[in-house]
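Down below is the structure, laid out as structure tokens.
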Amino acid sequence: MNKIWKALTAAVFCLSLVIPGFSKADASIKLAVVPLIIGEEVEDDAGLKPIAYSTEVSELFQYPEYDMVDSDKVRKAALAQQDKLFTKEGLTAVAKETGADCVVAMSIDHFEVKEDNLRREPVTSLYFSGVFATINMAKNSYKEDKYRFRDEMESGAIHPKYDYPHHRFQYLCKRELNKAIKNNK
């Protein structure tokens, strides 16, 4: 009789570990991430801005909780919207065309790095601006954020191999994407 109770207890324990995993897999959010849109005035010869954006997307939107829509589908749907992509109607159209529960889009319209050597301590100044928008179809919530980001650091404190502007841009991407996560919960 004692062996039966031990076996039954072990089975209940195993079920208590496995059942929550099933509910998480079923509750994953289907996410469409529009590739970073870079304004015409912004130079990006090395292609580092989209890499910084996609790195943060891959770190923040992990698989069991988020199921990513195929990027080719998202790109086609976003191109069809053109100028109205950052409106509620534009993101809704992208969501319907891709079958996504949530759509995230970000653009960078201004990326300025200035060296100010006339100060006592030379300073590197950054200024970024653009638009970040997200829509959650399940909650019918749309959020648009026109961001502006300013930062400066003493030029002598920056290591020559440290890419200060792009690391700060990656921080900005993380900040904006965290807003999308809060909007989805």
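The values are calculated or read from the model by the stated rules, or taken from the named source; none is laboratory data. From a predicted model like this one, the values you see are computed outputs, not experimental measurements. A quick note on method: Cβ atoms are made from the backbone with ideal geometry, for glycine too, and the neighbour counts reach across all protein chains shown. Keep in mind that these areas ignore ligands, DNA and RNA; they rest on the heavy atoms of the full protein, side chains included. Shrake-Rupley method; radii C 1.70, N 1.55, O 1.52, S 1.80 Å.
Extending 7 Å from Cα along the Cβ direction at Lys174 and again at Tyr127 yields two label points whose distance is 2.6 nm.
The order of His166, His110, His159 by accessible area, most exposed first and with a 1.4 Å probe, is His159, His110, His166.
Charge tally around Lys88: other residues with Cβ under 10 Å, Lys/Arg +1 each, Asp/Glu -1 each, net 0. Can you check what the Kirkwood hydrodynamic radius comes to for the chain, Cα pairs only, in Å to one decimal? With all distinct Cα pairs of the chain included, I get 19.0 Å. Surface composition of the chain: carbon plus sulfur atoms hold 55% of the accessible area, using a 1.4 angstrom probe and ignoring ligands, DNA and RNA. Taking label points 7 Å from Cα along the Cα-to-Cβ direction, Ser54 and Asp116 give a separation of 3.6 nm. Over the chain, with a Gaussian network built from C-alpha contacts below 10 Å, which listed residue (Ala77, Ala100, Ala157) shows the highest mean-square fluctuation? Answer for the Gaussian network model of the chain: Ala157.
For the chain, relative contact order (Cα pairs under 8 Å, six or more residues apart, normalised by length) works out to 22 percent. Computed over neighbours whose Cβ is under 12 Å from that of Leu172, the net charge equals +3, Lys and Arg +1, Asp and Glu -1. Each other residue within a Cβ distance under 9 Å of Phe149 adds +1 if Lys or Arg and -1 if Asp or Glu, for a net charge of +3. Accessible surface for the chain, divided over its residues, is 63 Å² per residue with a 1.4 Å probe. The residues Arg175, Arg119, sorted by heavy-atom accessible surface at 1.4 Å with ligands and nucleic acids left out, run Arg119, Arg175 from largest to smallest.
Of the residues Ser71, Ser129, the one with the largest accessible area comes first in the ranking Ser71, Ser129, computed with a 1.4 Å probe on protein heavy atoms.
A DSSP coil position with no more than 13 other Cβ atoms inside 10 Å describes the following trypsin sites (Lys or Arg not before Pro) in the range 135-174: Lys139, Lys161.
Using the Cβ-Cβ distance between Asp109 and Asn140 with R0 = 22 Å, the FRET efficiency computed as 1/(1 + (r/R0)^6) comes to roughly 0.20. Rolling a 1.4 Å probe over the protein chains gives Asp83 an accessible area of about 150 Å². Pairs of lysines in the range 92-185 whose Cα atoms sit within less than 14 Å of one another amount to 7, provided the residues are eight or more positions apart or on different chains. Here the convex hull built on the C-alpha positions of the range 62-139 has a volume of 146 cubic angstrom per residue.
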